[in-house]
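Participant: One structure follows; several queries about it will come next.
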Amino acid sequence: MTRQENDKSAATAAGTWKLGDLEVNRIGFGAMRLPQYGEAFAPGAAPRDREQAIGVLRRARDLGVNHIDTAAFYFSSLRSANELINRALAPYPDDLVIATKVGPGRDPSGEWATHARTPQALRGQVEENLRQLGRDHLDLVNLRIVGTDSVAERFGALSDLRDAGLIRHLGLSNITPAHLEEAQRIAPVVCVQNQYGIGVRADQDDFVRACGEQGVAFVPFYAIAGAGREAGAQTAEDPAIRSVADAHGATPAQIRLAWTLHRGPHVLAIPGTGDPDHLTENVAAGGLRLSEGELAMLEECHRRT
């Protein structure tokens, strides 16, 4: 096996899943942290070195990552995640799936703006993603929701853009089971993105299982960061996680990712980083196999924190 073949086997170790007709490795890459150092969306965050960011994206591809999660609102004062992806990876390989999100918006200064709620505003966000990525269609667009109000009009607008050929597949982010049910009456939903991880949103367990029963991918965000969210992983770790990590010669972050992938074959991981060493560790987590005893220990941790 060549070095390149061995590298690519890292991302395939956890298996694959189909987002509609697009097959992806279950270990992917989230681009949120790519444009800046430190906390994502923090005012005045230092832009990441351009060549480092491009190098991380290309290294992800070398490792076999073929599912990248991004958004037009992932940017710092000098860097845009979408434009970095375009620069690093275009012309895009046939097997690469780029998922993006619409709904939230930020003004040029980086301040959060009003969510897009009209068909015109959503189309504008879709077209902005197309422009930045240099594509004539988007593989997957997730409608990100804030609140519990109806998604019918907004999801219907995206469904129309799907019918027009601008979008291939649709998903939902930050939603309730009722949102999923409502959207599925309008168009097929291939994935759900919600916050989830060890000790984070244990109330989502039933929803995670229900998505699998319906053939819908569940794609957790902040699976490593947990309650740290945009700020990243917290320094203190539960002793159970550290114990399992030590047994495998792994990091706590790797155990968190491995636990996520053990929740079902439909659960995908999109850990994000701008550090090439962390990238390699994240992808390698797909090859970790946890015992029943270790999973029970982590389940107890999940329930009590």
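Participant: Pick from Arg123, Arg131: which is in contact with a helix residue (DSSP H, G or I) (Cβ under 7 Å, 6 or more places away or on another chain), among the basic types (Lys, Arg) and in a helix (DSSP H, G or I)?
Facilitator: Just a single option satisfies the conditions, and that option is Arg123.
Participant: Here is a further query. Cβ-Cβ under 8 Å, sequence separation 6+ or interchain: first residue in region 285-305 and over 19 Å from Tyr196 (Cβ atoms) and loosely packed, with under 14 Cβ neighbours inside 10 Å, partner at pLDDT 95 or above and among the hydrophobic types (A, V, I, L, M, F, W, C). Which pairs?
Facilitator: Pairs found: Arg289/Ala258.
Participant: For Asp139, state whether it is of a type outside the set (S, T, N, Q) and part of a strand (DSSP E or B). Don't jump to the end; show me each part of the working.
Facilitator: On the way: of a type outside the set (S, T, N, Q): yes; part of a strand (DSSP E or B): yes.
So Asp139 passes the test.
Participant: For region 56-70, which residues satisfy the criterion of being under 15 Å from Phe221 (Cβ atoms) and surrounded by fewer than 24 Cβ atoms within 10 Å (Cβ to Cβ)? Don't jump to the end; show me each part of the working.
Facilitator: Quick first cut of region 56-70, residues under 15 Å from Phe221 (Cβ atoms) only: 67-70.
The answer is none; no residue qualifies.
Participant: Where residues in region 79-102 are basic (Lys, Arg) and farther than 18 Å from Leu143 by Cα, which of them is modelled with the lowest pLDDT?
Facilitator: By that ranking, first place goes to Arg79.
Participant: Regarding region 41-56, can at least one residue be identified that is farther than 22 Å from Leu172 by Cα and of a type in the set (Val, Ile, Thr)? If you could, list the steps in order and put the result at the bottom.
Facilitator: Narrowing region 41-56 to residues farther than 22 Å from Leu172 by Cα: 42-56.
Going one step further and asking which of them are of a type in the set (Val, Ile, Thr), we end up with 54, 56.
Yes, region 41-56 contains at least one residue that is farther than 22 Å from Leu172 by Cα and of a type in the set (Val, Ile, Thr).
Participant: Would you check if Ala164 is at pLDDT 95 or above and either among the β-branched types (Val, Ile, Thr) or under 21 Å from the mean Cα position of the chain (by Cα) (or both)?
Facilitator: Details: at pLDDT 95 or above: yes; either among the β-branched types (Val, Ile, Thr) or under 21 Å from the mean Cα position of the chain (by Cα) (or both): no.
Against the criterion (at pLDDT 95 or above and either among the β-branched types (Val, Ile, Thr) or under 21 Å from the mean Cα position of the chain (by Cα) (or both)), Ala164 does not qualify.
Participant: On to the next question. Name the single residue, out of those in region 103-126 being in contact with a Lys or Arg (Cβ under 7 Å, 6 or more places away or on another chain) and at pLDDT below 90, that is nearest to Ala45 (Cα to Cα). Spell out the reasoning first.
Facilitator: Within region 103-126, the first condition is being in contact with a Lys or Arg (Cβ under 7 Å, 6 or more places away or on another chain), and the residues that meet it are 103-104, 112-113, 117, 122.
From what's left, at pLDDT below 90: 112-113.
Values: Trp112: 15, Ala113: 18 Å.
Residue satisfying both the conditions and the ranking: Trp112.
Participant: Shifting gears a bit: Out of Leu158, Leu172, report the one residue that is within 17 Å of Ala99 (Cα to Cα), within 18 Å of the chain's Cα centre (by Cα), touching a residue at least 24 places away in the same chain (Cβ under 8 Å) and buried (at least 23 other Cβ atoms within 10 Å of the Cβ).
Facilitator: On the way: Leu158 fails: within 18 Å of the chain's Cα centre (by Cα).
Just one listed residue meets the conditions, Leu172.
Participant: Quick check: anything in region 19-30 over 14 Å from Gly274 (Cβ atoms) and of a type in the set (Gly, Ala, Ser)? Outline the logic, then answer.
Facilitator: Filtering region 19-30 for residues over 14 Å from Gly274 (Cβ atoms) gives 19-28.
Narrowing the set further to residues that are of a type in the set (Gly, Ala, Ser) leaves 20, 28.
Yes.
Participant: Within region 17-29, does at least one residue satisfy the condition of being more than 25 Å from Gly171 (Cβ to Cβ) and either over 18 Å from the mean Cα position of the chain (by Cα) or in a loop (DSSP other than H, G, I, E, B) (or both)?
Facilitator: Here is the first cut: in region 17-29, the ones more than 25 Å from Gly171 (Cβ to Cβ) are none.
No, every residue in region 17-29 fails to be more than 25 Å from Gly171 (Cβ to Cβ) and either over 18 Å from the mean Cα position of the chain (by Cα) or in a loop (DSSP other than H, G, I, E, B) (or both).
Participant: Could you check region 150-227 for helices (runs of 4 or more DSSP H) lying wholly inside it with 1 or more residues that are under 23 Å from Arg26 (Cβ atoms)? Spell out the reasoning first.
Facilitator: Values: elements: 152-163, 177-184, 205-213.
Where helices (runs of 4 or more DSSP H) fall fully within region 150-227 and carry at least 1 residues being under 23 Å from Arg26 (Cβ atoms), they are 177-184, 205-213.
Participant: Hey, Gln193 hits all of (1) surrounded by fewer than 16 Cβ atoms within 10 Å (Cβ to Cβ); (2) modelled with pLDDT of 95 or more; (3) under 14 Å from the mean Cα position of the chain (by Cα) but one; which does it fall short on?
Facilitator: All conditions pass for Gln193, except number (1).
Participant: Taking the residues in region 30-55 that are touching a residue at least 24 places away in the same chain (Cβ under 8 Å) and not in a loop (DSSP other than H, G, I, E, B) as candidates, determine which candidate is surrounded by the most Cβ atoms within 10 Å (Cβ to Cβ).
Facilitator: Out of the qualifying residues, it is Gly30.
The values are calculated or read from the model by the stated rules, or taken from the named source; none is laboratory data. Since we're looking at a predicted model, the values are computed, not measured. With ideal geometry, Cβ positions are generated from the backbone for all residues, glycine too; neighbour counts draw on all protein chains shown.
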